[in-house]
Amino acid sequence: FFFNDTATTEIYTQAFVGSVRCVQETGFMPSSTIWNWNADTGQREILAQAIKAGVKYKEAFSNSPPYWMTISKCASGHKDGRLNNLPDANINLFSNYLIEVCSHFKEHWGITFDSLDPFNEPVSDWWKAGNTQEGCRIDVPQQKKILTSLQELKAKKKLDSMIFSVPDTNSLGETLTVWNKEYDEETKAKVGRINPHSYSGQERYDLEAAAREGNKKLWMSEYCCGDELHSHSSIRAFSYTHLTLPTK
């Protein structure tokens, strides 16, 4: 889970819905014919406790499709990080997985996600098979196809209040480029919120202007404390957030 701050100082929480922790973790769907709703009990408990503690907004996001859906059969990426790891033939399968998980949370556990982010730094080229962090290259043409599939499936599952938040790219500049130059109006219409990461870039005001122009919400879904604190194995970066992020 990641607790993220917004300009309005609301507290957000995110729950993984893709392959997590291990590059061959199967998540809630270990194969095309099996669902395992006992998976990720620890994360679900954290989510439940966060809601109990007052978390208002809940976002589900995916780092990678389950490994068995991918080309490399590895949830850390294609062997060539410049290539998509999800075959187009599995777009609907992946989209159905995401929507089915969100629907199950609502119908069986009483948790309705406010938003679904189906990508994580999707245009980056460092997601490679054999790495230790899950991730998946999903270029813009494939992003458009996934969003179309998600939109159709969402309507069938009566998840009308859940919006899609994208593109979740690594830098502010990448987000601005994808949104302004690579997403067409049809794609933008399917998006409820623009999600950037801010590991680099100074285009905050430009992104704000783009969001206002498109009448979209804007949320920085990941940020960097600086090189010294940007460590995935250290708790220092997390403990530092109490100095920088309002909590009320």
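Before moving on, here are some points about what is shown:
- Over the stretch 161-209: Rg over Rh, Cα atoms, Kirkwood Rh: 0.96
- Stretched out straight at 0.36 nm per residue, the stretch from D88 to W109 would grow longer than its current Cα-Cα span by 4.4 nm.
- Residues K156 and E45, FRET efficiency given R0 of 30 Å [Cβ-Cβ distance, rounded to 0.05]: 0.55
- Of the listed residues S64, S200, the order by accessible area with a 1.4 Å probe, largest first, is S200, S64.
- Overall dimensions of the stretch 94-135 by Cα: Rg and Dmax, Å: 13.8, 37
- Pairs from K181/K216; K73/K158; K106/K217; K145/K217 whose Cα-Cα separation, in the structure shown, is over 27 Å: K73/K158
The values are calculated or read from the model by the stated rules, or taken from the named source; none is laboratory data. Predicted model, so just to flag it, every value in this text is computed and none were measured. We place every Cβ from the backbone using ideal geometry, glycine too, and count neighbours over all the protein chains shown. Calculation scope for accessible area: heavy atoms of the full protein, side chains included, ligands and nucleic acids excluded. Shrake-Rupley method; radii C 1.70, N 1.55, O 1.52, S 1.80 Å.
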